[in-house]
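I have placed the structure first, in the form of structure tokens, so that the comments after it can refer back to it.
No lab work stands behind these numbers, since they all come straight from the coordinates. Nothing here was measured: the structure is a model prediction, and the numbers come from that model. Methodologically, a virtual Cβ is constructed for each residue, glycine included, from the backbone with ideal geometry; neighbour enumeration extends over all protein chains shown.
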Amino acid sequence: MKLLMIYMSKFSYKPTLKTIESMPDCTEEKEFDNIQAAFIQVEKEDEENDAAVKKKLLKNLKWVAGKNDTKKIILHSFAHLSESKAEPEFTKSLFDNIEERLVNSGFEVEQTPFGYFLDLHLSAPGFSLARVFKSF
């Protein structure tokens, strides 16, 4: 898994192009303030290490959100950090599981529309731990 975490004072998206036909239609634009964004690349080998990958992902998301003093997290599938890609169904299932576990831990969690290209607008402050990359 590749994980790029960026704390954002403002983040918004607009769906532009559906890339996975089996996903629900989505045209809704959304905007958020003071949110920890997680750009996540689930890799093929993660399918064999499901429990360990989820544990590390949760640990990293909770840690960085705490360091950036926010309880709001947005999960974004970002299949541009590695050449290795997990199956879309596995990735979506992992995202749904992580969202549920974070919500159960007291976080407000959103996911960007899965299976879409999005117009993204962001404002990210420049301070230590505003941008963190992990590979596991």
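Here are the numbers:
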{"read-out": "Stretch gain in nm, segment Asp119-Lys30, where the contour uses 0.36 nm per residue and the Cα spacing is subtracted", "value": "31.0 nm"}
{"read-out": "Prolate/oblate/rounded label for region 1-74 (Cα gyration tensor, a/c 1.5)", "value": "oblate"}
{"read-out": "Additional length obtainable on full extension of the chain from Asn97 to Ser84, 0.36 nm per residue less Cα span", "value": "2.6 nm"}
{"read-out": "Thr16 versus Ser128: modelled label distance in nm, points set 7 Å from Cα along the beta carbon direction", "value": "3.6 nm"}
{"read-out": "Calculated Cα extents along the principal axes in Å (choose from (1) 63, 38, 35; (2) 52, 36, 26; (3) 36, 34, 29), label", "value": "(3)"}
{"read-out": "Residue-averaged [θ]222 nm for the chain, counting only DSSP H segments that reach four residues, each worth -39500 (n - 2.57)", "value": "-8500 deg cm²/dmol"}
{"read-out": "For the chain: relative contact order, % (alpha-carbon pairs under 8 angstrom, 6 or more apart)", "value": "42 percent"}
{"read-out": "Charge context of Asp119, other residues only, Cβ under 11 angstrom, K/R +1, D/E -1", "value": "0"}
{"read-out": "Cleavage-rule hits (GluC sites (Glu not before Pro)) in region 1-55: DSSP loop, at most 16 neighbouring Cβ within 10 angstrom", "value": "Glu21, Glu28, Glu29"}
